[in-house]
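Comments concern the structure below.
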Amino acid sequence: MSDAAFATLMHAQPMVPQVAHVRGRRKDTPDAWTLDLELANGARLIYAPGQFNMLTAFGVGEAAISVSGDPAGGPLIHTIRAVGPVSRALTALEPGDPIGVRGPFGVGWPMAQAEGKDVLLVAGGLGLAPLRPALYRLLGERARFGRVTLLFGARTPEDIVFRHEVESWRARFDIDVDVTVDHAASEWHGHVGVVTTLISRATFDPCNALAMICGPEVMMRFVAMALVEKGFGEDAIYLSMERNMKCAIGHCGHCQLGPTFICRDGPVFTYAQLKRFLAIKEL
Amino acid sequence: MENLERILAAHPFFAGLDGEFCTLACGCAKNARFDAGQFICHEGDSADQFFLVREGRVALQVSAPGRGASTFLTLGPGEVFGVNWLVPPYRWTYDAKAIAPTRAISMDAACLRNKCEANHSLGYDVMKRLMPVLVERLHTARVQMLDLYGARG
Ligand SMILES: Cc1cc2nc3c(=O)[nH]c(=O)nc-3n(C[C@H](O)[C@H](O)[C@H](O)COP(=O)(O)OP(=O)(O)OC[C@H]3O[C@@H](n4cnc5c(N)ncnc54)[C@H](O)[C@@H]3O)c2cc1C
Ligand code: FES
């Protein structure tokens, strides 16, 4: 099936999972795996950085998982942390096993708005996975953007997802990469401290910059506050939100946050849009 | 001394310090240099110095039996460590180790304490500079304790 015909089909039947097969499986951290998928009909899923799919572990259930591969080409890649029944079943899949795919869903990272600006990516833990497609796009079309910086915080050095790739980005001259961990044994000679401590060391023009943040909600809140303090406008700070999802098309209300549905209106929102709701406990 | 005074005034911790205070503080300061891997102080030692990092990187570590040393914070240019100089019984509560060739300004703790005691305006100024560092460290330690990226991340 052609890629365009497949996109039309996915759009027309958004609740019907398409069958794909696992073609590659890599362990990234002690509890996260990356899967390379190939759709059974041979089509390629066209998606924007920051969008997500609903992945089905057949017989177990479905979970929202961001695409973590390169939107310009290559296999459909997802990076999944085993936290519960569905994610555990997905990460246990072996090459050749079938998997269900619905998507892509949601509004992704503001790539067009970022053009001509300094772009600051701040990732915490597995939050680097949804940001990686944006980074591929930034590096692939490097001349369109100003200074590009990735600030990445992980729990320990062993929890650094895409470690080899992070090292290769650090070696490039056209992107600044700074990594910190929360705790480390004494052999680690990198930074130790929370990810917000990297912000004061980063160089950007806050009046002409755009930030994309992804990680645990508390971390995103603190990063957004630190960026506002550095002079970022609240509408120049974008966050990717997570809530339990069922339909992923704005029908069931499972992912409601205030007046918005995260699956349909997000998962990427500006801090200006979210600030009020982030402050409400248990929302 | 003049040179050291300039270096001290240029360090973010003392940025904007009144000229007279700067001369007073400078009387307690000297340059320090550490090789990568060199311990600067050990937990339990007398906290007789307070350091302003100019270059390099310093790891603050605690050791637990059977687990070796863990680093809980690294500090770089523009940052300070050794705040125990101000709080009795003036003992280091962690090990500090240079993990890159490091240059710092070392402040003699007893000297600085005496000057702050004798000149409360200087003391209050120094305190206003230390408090934000302590509040920031407390905040980041709290966030670290939440273990955000852990199982319930
Ligand atoms: C838009 C969007 C994109 C997402 N992208 C990814 C992704 O790329 N990779 C990925 O691994 N996950 C991603 N998630 C999160 C994933 O959908 C959830 O973790 C999902 O709940 C897993 O289902 P489960 O049945 O395995 O666990 P559940 O039964 O739903 O949860 C089991 C336990 O894990 C806890 N838990 C749930 N989610 C998380 C989490 N994210 N981190 C830590 N603990 C958690 C729950 O509180 C519960 O205690 C995304 C979620 C959304 C909304
Ligand atoms: S998951 Fe159903 S409305 Fe968002």
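The values are calculated or read from the model by the stated rules, or taken from the named source; none is laboratory data. What you are looking at is a predicted structure, and each value in this text was computed from that prediction instead of being measured. Every residue, glycine among them, receives a Cβ derived from its backbone with ideal geometry; neighbour counts consider all protein chains shown. With ligands, DNA and RNA removed, areas are computed over all heavy atoms of the protein, side chains included. Shrake-Rupley method; radii C 1.70, N 1.55, O 1.52, S 1.80 Å.
Structure above, values below:
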quantity	calculated
222 nm mean residue ellipticity, helices alone, for chain B (DSSP H n ≥ 4; -39,500 (n - 2.57); rounded to 500)	-11000 deg cm²/dmol
Simple spin-label estimate for A:E234 and A:R264 in nanometres, 7 Å along Cα-Cβ	2.5 nm
Within region A:203-283, GluC sites (Glu not before Pro) in DSSP loop having at most 11 other beta-carbon neighbours inside 10 Å	A:E282
Förster-model FRET efficiency, 25 Å R0, A:E38 and A:Q256, C-beta, rounded to 0.05	0.15
Helix A:3-12 vs. chain A, principal-axis angle (Cα, 0 to 90°, nearest 10)	80 degrees
Environment charge of A:D36, counting only residues whose C-beta is closer than 14 Å and scoring Lys/Arg +1, Asp/Glu -1	+1
Mean Kyte hydropathy of -0.5 or more with a Cα span along the axis of at least 30 Å, helices from DSSP in chain B	B:120-145
Computed over region B:4-149, Kirkwood Rh from alpha-carbon pairs, angstrom	15.9 Å
Part-to-part distance (alpha-carbon centres) for region A:57-87 and region B:73-115, which is given in Å	47 Å
For A:A63, net neighbour charge (Lys/Arg +1, Asp/Glu -1) across residues whose Cβ lies under 15 Å away	+2
Acute angle (nearest 10 degrees) that the helix A:128-140 long axis makes with the longest principal axis of chain A, alpha-carbon atoms	80 degrees
Dipole magnitude of the protein assembly as shown about its Cα centre (Cβ charges: Lys, Arg +1; Asp, Glu -1), debye to nearest 20	520 debye
Hits among lysines - C-alpha to C-alpha of A:K27 under 23 Å, sequence gap 8 or more where chains match	none
Alpha-carbon Debye profile of chain A, log10 I(q)/I(0) at 0.08, 0.12 Å⁻¹	-0.32, -0.74
Charge tally in the Cβ shell below 15 Å around B:S70, where Lys, Arg are +1 and Asp, Glu are -1, B:S70 excluded	-4
Equivalent ellipsoid dimensions for region A:3-104 as semi-axes, Å, which come from the Cα gyration tensor, largest first	21, 15, 12
Inter-probe distance in nm under a simple model that places probes 7 Å from Cα toward Cβ, at A:I46 and B:N31	6.3 nm
Electrostatic dipole magnitude of region A:34-114 [Cβ: Lys, Arg +1; Asp, Glu -1; Cα centre; debye, to 20]	200 debye
DSSP bridge pairs, the protein assembly as shown: antiparallel proportion in percent, nearest 5	75 percent
In range of the label at A:A12: residues from region A:220-262 whose backbone nitrogen is under 20 Å from the point 7 Å along Cα→Cβ	A:249
For chain B, cysteines whose Cβ has no other cysteine Cβ within reach (under 4.7 Å)	B:C22, B:C26, B:C41, B:C116
Dipole of the protein assembly as shown [Lys/Arg +1, Asp/Glu -1 at C-beta], most positive-end residue of B:G123, B:N31, A:I77	A:I77
Area of A:S66 that stays accessible when all protein chains are in place (1.4 Å probe, Å², to 10)	30 Å²
Listed residues B:C111, A:C252, A:C207, B:C41 arranged by accessible area, highest first, probe 1.4 Å	A:C207, A:C252, B:C111, B:C41
Within chain A, helix-based [θ] at 222 nm, where runs of 4 or more DSSP H residues each add -39,500 (n - 2.57), nearest 500	-6500 deg cm²/dmol
